[in-house]
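Some notes on the structure that comes next.
None of the figures in this text is laboratory data; all of them are computed from the coordinates on show. These numbers were taken from a predicted model, which means no experiment stands behind them. Cβ placement follows ideal geometry from the backbone for every residue including glycine, while neighbour counts extend to all protein chains displayed.
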Amino acid sequence: MMNREKEKLQQLQRSCLEAGNAATAVKLGQLAEKADSGLTAIAFCGHFSAGKSTLINSLCGKPLLPSSPIPTSANLVSIRSGDAGAEVTRIAGDGKTAGMAERIVQRVPLDELEKYCVNGTDIESVRITYPLPLLGGRGMLLDTPGIDSTDDAHQLATESALHLADVVLYVMDYNHVQSEINFTFAKKMKDWGKPLYLIVNMIDKHREQELPFATYRSGAEQAFRSWGIEPAGMLFVTAKEPAHPHNEWGKLLALIGALLERGDELQQYSLDRSVRFLLDEHAAWLEAEREPERLRLEAELAGDDGAASEELQREYEAKRDELEQAREAPDALTAELRKETAALIENANVTPAVTRDLAHEYLQSRKPGFKVGLFGAAAKTAAEIARRLEAFRRDFAEQVEAQLDWHLRGALKQAAERYGVKSAELAAAIEALGAPVSGEWLAAQVSGAAGFGSDYTLNYSRQIAAELKANTASRRLS
Ligand SMILES: Nc1nc2c(ncn2[C@@H]2O[C@H](COP(=O)(O)OP(=O)(O)OP(=O)(O)O)[C@@H](O)[C@H]2O)c(=O)[nH]1
Ligand SMILES: [Mg+2]
């Protein structure tokens with residue numbers, strides 16, 4: 001690190017400490033240390049249980065990360081190349097004044113790390129070292145805690161180890177690629193301006209007979225594009241099945257190699273971004289800290305009368321803001337709903353295996369020549385077809401309610417609440433929301449030219465799911 005940058009960092013850290021902003025001061029200290037090490041940091045972020053730790057362990061060729069989560073306050077777990085061992089940093093005393101508190105650094109043998117971590121609640125960071133040719137003296141990997149709500153996604157972006165990351169690999173579960181939280185996080189990453197790679201993990205869950213891999217892949221790529229997210233790259237891997245035909249493990253290794261190769265340039269850029277970000281964070285902290293004091297001083301200076309009129313003024317401003325918000329609410333609400341419901345509808349699996357089985361039963365009865373009984377066969381056959389259709393319809397309707405409508409109603413109600421829209425009409429519309437599924441509609445979707453094999457059942461299921469979703473999507477906001 002250049003001396004000038006070091007000075008800038010130290011100066012900023014001093015003013016944070018003087019002001020009492022411990023959290024930012026700690027991050028600045030970590031940033032200075034990281035910059036000094038000259039290592040390029042590759043951070044693995046993503047949804048809870050997306051396979052971040054498993055991926056890191058596979059890349060290292062050894063289960064270095066403990067299988068149970070490490071309870072840390074700063075959640076900083078790094079892996080670098082070196083003699084086997086771990087260094088655990090604990091905060092002594094009160095966590096609230098962490099910036100000023102004393103730190104205890106302890107070396108722990110790797111095989112005792114898990115036990116050691118489970119017992120500790122005040123761990124600030126864990127640094128694991130092991131001889132790793134992949135990283136050499138050039139890089140380190142950062143494991144981050146899983147996120148499982150859009151709030152977490154914001155939090156991770158602002159509060160966790162991202163100030164240290166030079167590059168972010170965002171890991172997703174094969175089955176949860178098109179979920180809102182992924183988009184939220186990826187968007188948030190743009191604020192940091194650090195390179196983002198999307199890693200779709202667990203592709204061993206793919207079933208080629210249900211969907212060609214190429215279709216899955218382009219769907220996933222398209223989804224991010226349509227959300228205005230242009231990652232630096234997108235890879236499809238599995239940590240479970242190395243020999244899987246679509247596994248891009250080699251590409252992942254090559255990517256890490258290439259990133260480390262360009263390390264200097266990446267570090268330079270990200271250090272600049274991080275300092276700016278932390279500077280903004282400190283400014284926001286100061287603002288929030290000083291606000292009550294400012295108000296108190298103003299009231300004091302103005303005397304009692306002044307305070308009273310100031311209160312009136314504030315009340316008036318609050319009312320005005322409220323009115324303004326109410327006026328803007330419908331637009332904002334519509335935009336937000338469109339975004340939220342699109343993901344919900346997209347992700348709902350309304351034709352799981354049980355439903356497809358019932359559809360198959362029914363479709364078999366629609367095969368030309370299908371017949372039940374010998375005497376009065378026509379009536380018996382018709383009754384059997386109707387019975388199968390009804391069994392299928394009932395199950396499908398239940399799936400639609402449980403997988404789609406219920407979630408939609410929840411999202412709509414929450415959004416309405418968030419925007420303070422209280423209208424009986426809207427509430428009734430939300431309650432009434434639901435895609436009616438009639439037997440006639442299901443019967444009409446059957447193609448006369450069908451072969452009625454299991455392939456057709458799959459196509460048919462996909463078709464009714466798509467139709468129903470398209471109907472729901474066009475109805476949801478009207
Ligand atoms: N089928 C399959 N399972 C995987 C794969 N990778 C990881 N898993 C499993 O997914 C589960 C979660 O993996 P973790 O590595 O703990 O996920 P994580 O993202 O670190 O989870 P958190 O740290 O809790 O957020 C484990 O049971 C893994 O064995 C994969 O490629 N395929
Ligand atoms: Mg993990």
Inset, instruction - Of the listed pairs K62/K188; K187/K240; K339/K413; K27/K339, which have alpha-carbon separations greater than 24 Å here? - result: K62/K188; K187/K240; K27/K339
Legend entry - Packing-based order for 260-266, 195-201, 371-377, using average beta carbon neighbours within 10 Å, highest first: 195-201, 260-266, 371-377
Legend entry - Simple label model, 7 Å out from Cα along Cβ direction - W441 to E221, nm: 3.5
Inset, instruction - Determine, from the Cβ-Cβ distance of A353 and A288 and an R0 of 60 Å, the FRET efficiency 1/(1 + (r/R0)^6), rounded to the nearest 0.05. - result: 0.70
Legend entry - Sites N3 and K62, calculated FRET efficiency, Cβ-Cβ separation with R0 56 Å, nearest 0.05: 0.90
Legend entry - Three-way shape label, the range 348-475, alpha-carbon gyration tensor, a/c 1.5: prolate
Inset, instruction - Check the straight Cα-Cα distances from K371 and name the lysines below 20 Å, setting aside those fewer than 8 residues away within the same chain. - result: K380
Legend entry - Column: log10 I(q)/I(0), Debye, Cα scatterers of the range 3-279, q = 0.07, 0.09, 0.13, 0.15 Å⁻¹: -0.25, -0.42, -0.88, -1.18
Legend entry - Additional length obtainable on full extension of the chain from L253 to K413, 0.36 nm per residue less Cα span: 53.1 nm
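Provide the gained length on full extension for the span A391 to R207, in nm with one decimal, where the gain is 0.36 nm per separating residue minus the Cα-Cα distance.
Details: separation 184, 0.36 × 184 = 66.24 nm, distance 2.68 nm.
This chain segment gains 63.6 nm when fully extended.
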Legend entry - Computed lengthening from R276 to N175, 0.36 nm per intervening residue step minus Cα-Cα distance: 32.7 nm
